[in-house]
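Accompanying notes for the structure given below.
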Amino acid sequence: MNIFIMGAPGSGKGTFSSRIKEEFDLNHISTGDIFRANIAGGTELGMQAKAYTEKGLLVPDEITNNMVKEYLSQLSDKKNGYLLDGYPRTLDQAKAFEKMTEGTDLMVDEIVVMDVPFDELTRRITGRRSCKNCGEIYNIYSKPPVKEGICNKCGSELSQRKDDNEESLKTRLEEYAKNTEPVIAYYEEKGMVKRIDATAGIEEIWPVLKEALSK
Ligand code: ADP
Ligand code: ZN
């Protein structure tokens, strides 16, 4: 089972990815997480990506495609497939991925799109906090931690992403409309897309999403 999870910034890709990968025992690749980890670690890749991600711009396709290619070669075959989160985000990436996987068991089987109305996205993004240590995601409005600023799971400090401010968010939403919506349309024509209404709360969405993926 090989899945792409797609959706605008704030649509819940990260939150649901962690549930999906556990439920179906999948390799999880989040290109956003990989960029953030490389930026935090000060690697060459991180230095290349930093200026783009912080402004909310997409990292150039060539850098992103090479990175994904490398991760594909490291997947564990003990898992039931992969969940690719945050990629592909441009038509060029989608085509590059097809080339990389054509004729192998790494071709994508299904594409989940998390649908959320535009104004709800802003609230989610500006309220988002995540654990520096275990990655658990909170929202100060809709899913606050028990103790302010502290992770329920591991007790570490919560932080806010550098690109979760209103200015970068505006750019991210523009990038999404310009580059990523055409990718969804492309897969929709192939009949591969499952759209999930992701407006409600996590516990209401999860059973619907799980059911859609079990079919
Ligand atoms: P979100 O979907 O909430 O914006 P992500 O964590 O998926 O967040 O991505 C954060 C940032 O990382 C993006 O704004 C972009 O700069 C970079 N990025 C992630 N995935 C890609 C990709 N496939 N292509 C180009 N840039 C990417
Ligand atoms: Zn934690």
Exercise. Would you please give the FRET efficiency between I140 and M1, computed as 1/(1 + (r/R0)^6) with r the Cβ-Cβ distance and R0 = 30 Å, to the nearest 0.05?
Key: 0.30
Quiz item: Per-residue HN-Hα couplings for the range 61-75, Karplus 6.51 cos²θ - 1.76 cosθ + 1.60 at θ = phi - 60°, whole Hz, x for Gly and Pro?
Solution: 3, 4, 5, 5, 4, 5, 5, 5, 4, 5, 5, 4, 6, 9, 5
Quiz prompt | the chain - share of DSSP beta bridges that are antiparallel (%, nearest 5) | solution = 30
Quiz item: Once both labels are modelled 7 Å past Cα along the beta-carbon direction, what's the E110-K79 spacing in nm?
Solution: 1.7
Self-check item: Charge dipole (debye, nearest 20) of the chain; +1 at Cβ of Lys and Arg, -1 at Cβ of Asp and Glu
Solution: 520
Self-check item: Within straight-line cross-link reach of K215, lysines at Cα separation under 16 Å, skipping those fewer than 8 residues along the same chain
Solution: K194
Quiz item: Rg/Rh for the chain: what does it come to with C-alpha atoms and Rh from Kirkwood?
Solution: 0.93
Quiz item: K55: which lysines have alpha carbons under 24 Å from its alpha carbon, excluding same-chain residues fewer than 8 sequence positions away?
Solution: K13, K132, K162, K170, K178
Exercise. Under a cut-off of 17 Å between alpha-carbon atoms, report the lysines in cross-link reach of K99, not counting same-chain residues fewer than 8 places apart.
Key: K69, K190
Quiz item: So, counting K/R as plus one and D/E as minus one, what does the shell of residues with Cβ under 13 Å around A177 add up to?
Solution: +1
Quiz item: Anyone know which of Y87, Y186, Y141 comes out most mobile in the 10 Å Cα GNM of the chain?
Solution: Y141
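Rule-based calculations on the coordinates, nothing more; no lab input. These figures come from a predicted structure and were not determined experimentally. Note: ideal-geometry Cβ built from the backbone for every residue, glycine included; neighbour counts use all protein chains shown.
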